[in-house]
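Participant: The structure follows.
The values are calculated or read from the model by the stated rules, or taken from the named source; none is laboratory data. Source: prediction; values computed, not measured. Here the Cβ positions follow ideal geometry from the backbone for every residue, glycine too, while neighbour counts run over all protein chains shown.
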């Protein structure tokens, strides 16, 4: 026997065995009859046995063919199960861990709805949120450790990454609810006269606002810089300070924290925050990643933005 058997011949052997004829096997396999006959000749040479002989009942297997068919079926089953099962994804039985790169603002905007939906569609799976620096983020997405980066990630807009736009956000200003300044919008004069808290977090959306002010040579009275959004409500509620933040943050704090109100920003042509989902090209055709991307795109769009209606005064 030739020990370097072409495994592509095994489905043909099984088909001839089950169909009891070269012609019927060819029809079943979508091959020409000469091609099946040629494959049978190769099988006979490999096993040094006729394997199938013509009788009144069709092509009957020899004892050698009888012994061949069971292991051949087993090999084909294992190939189909082990190699091609990864070509589909079944969320309801998956025990995967879905890893998202999110800023703290991104966790507030995206994570609750993602988690709620995944618990319904993939109840055995788990969710992990990470916020690595840019170099580690790119490496994590390349290795597959991170499935998606969702939010504002300008560092992922070049190179081996795909992206899909979800929706845009804008900025708003936070003040204490009983602040002497009333109304729903700050004038530029009021904005410049106020003292400011500036958040310099790892999330890149704040850089848009800071670069805009620098380009316009607008200088504020900054009395506090902090890397954290979480401390803002306590600081703002007990002072006359103002903070300019993504409006999802502003609306959440104004709706859920006592003595906080969100106001529209000053009359400036402020940049918009374009929020996207990003994935590495290695994951572009991966069934699990494709399913996850579809879920995110269905959950988040300009039309379904839960903060939109409340944020535009």
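Participant: Can you name the residue in segment 129-142 that is at pLDDT 90 or above and assigned to a helix (DSSP H, G or I) and, of all such residues, is surrounded by the fewest Cβ atoms within 10 Å (Cβ to Cβ)?
Facilitator: That would be 139.
Participant: If you scan segment 199-232, which residues turn out to be modelled with pLDDT under 90, in contact with a helix residue (DSSP H, G or I) (Cβ under 7 Å, 6 or more places away or on another chain) and over 19 Å from residue 253 (Cβ atoms)?
Facilitator: Once the filter is applied, which keeps residues that are modelled with pLDDT under 90, in contact with a helix residue (DSSP H, G or I) (Cβ under 7 Å, 6 or more places away or on another chain) and over 19 Å from residue 253 (Cβ atoms), segment 199-232 yields only 204.
Participant: Please verify whether segment 298-312 includes one or more residues that are modelled with pLDDT of 90 or more and in contact with a helix residue (DSSP H, G or I) (Cβ under 6 Å, 6 or more places away or on another chain).
Facilitator: Yes, segment 298-312 contains at least one residue that is modelled with pLDDT of 90 or more and in contact with a helix residue (DSSP H, G or I) (Cβ under 6 Å, 6 or more places away or on another chain).
Participant: Condition (residue is out of contact with any helix residue (DSSP H, G or I) (no Cβ under 7 Å at 6 or more places or on another chain), outside the structural domain of residue 228 (by TED's automatic domain parsing) and modelled with pLDDT of 90 or more) applied to segment 103-111: is it met by at least one residue?
Facilitator: Yes; the residues of segment 103-111 include at least one that is out of contact with any helix residue (DSSP H, G or I) (no Cβ under 7 Å at 6 or more places or on another chain), outside the structural domain of residue 228 (by TED's automatic domain parsing) and modelled with pLDDT of 90 or more.
Participant: Then there is this: Assuming residue 261 fulfils every condition listed in (1) within 25 Å of residue 300 (Cβ to Cβ); (2) touching a helix residue (DSSP H, G or I) at 6+ places or on another chain (Cβ under 6 Å); (3) assigned to a strand (DSSP E or B) apart from one, which condition is it?
Facilitator: In the conditions (1) within 25 Å of residue 300 (Cβ to Cβ); (2) touching a helix residue (DSSP H, G or I) at 6+ places or on another chain (Cβ under 6 Å); (3) assigned to a strand (DSSP E or B), residue 261 misses (1) alone.
Participant: Out of the residues in segment 164-187 that are over 25 Å from residue 105 (Cβ atoms) and touching a residue at least 12 places away in the same chain (Cβ under 8 Å), state the one that is surrounded by the fewest Cβ atoms within 10 Å (Cβ to Cβ).
Facilitator: It comes out as 180.
Participant: Exactly one condition in (1) in contact with a strand residue (DSSP E or B) (Cβ under 6 Å, 6 or more places away or on another chain); (2) part of a helix (DSSP H, G or I); (3) loosely packed, with under 13 Cβ neighbours inside 10 Å is not met by residue 225; state its number.
Facilitator: (2)
Participant: Might you check whether a residue that is within 30 Å of residue 139 (Cα to Cα) and surrounded by 15 or more Cβ atoms within 10 Å (Cβ to Cβ) occurs anywhere in segment 258-269?
Facilitator: no
Participant: Among the residues that make up segment 272-281, is at least one of them over 30 Å from residue 216 (Cβ atoms) and assigned to a loop (DSSP other than H, G, I, E, B)?
Facilitator: No, that holds for no residue.
Participant: If only one of 269, 240 is out of contact with any strand residue (DSSP E or B) (no Cβ under 8 Å at 6 or more places or on another chain) and assigned to a loop (DSSP other than H, G, I, E, B), which one is it?
Facilitator: Being out of contact with any strand residue (DSSP E or B) (no Cβ under 8 Å at 6 or more places or on another chain) and assigned to a loop (DSSP other than H, G, I, E, B) holds for just one of 269, 240, which is 269.
Participant: Residue check: is residue 43 under 43 Å from the mean Cα position of the chain (by Cα) and either under 20 Å from residue 76 (Cα atoms) or in contact (Cβ under 8 Å) with a residue 24 or more places away in the chain (or both)?
Facilitator: Taking the combined requirement at face value, the residue does not satisfy it.
Participant: Among the listed residues 280, 196, 285, identify the single one that is touching a helix residue (DSSP H, G or I) at 6+ places or on another chain (Cβ under 7 Å) and either in the same structural domain as residue 134 (by TED's automatic domain parsing) or modelled with pLDDT of 90 or more (or both).
Facilitator: 280
Participant: Looking at (1) free of Cβ contacts under 8 Å to residues at least 12 places away in the same chain; (2) at negative phi; (3) over 34 Å from the mean Cα position of the chain (by Cα), which one does residue 217 not meet, given that it meets all the others?
Facilitator: Here residue 217 clears every test but (2).
Participant: With the condition kept exactly as written, say whether any residue in segment 152-170 is over 24 Å from the mean Cα position of the chain (by Cα) and assigned to a strand (DSSP E or B).
Facilitator: No, the conditions are met nowhere in segment 152-170.
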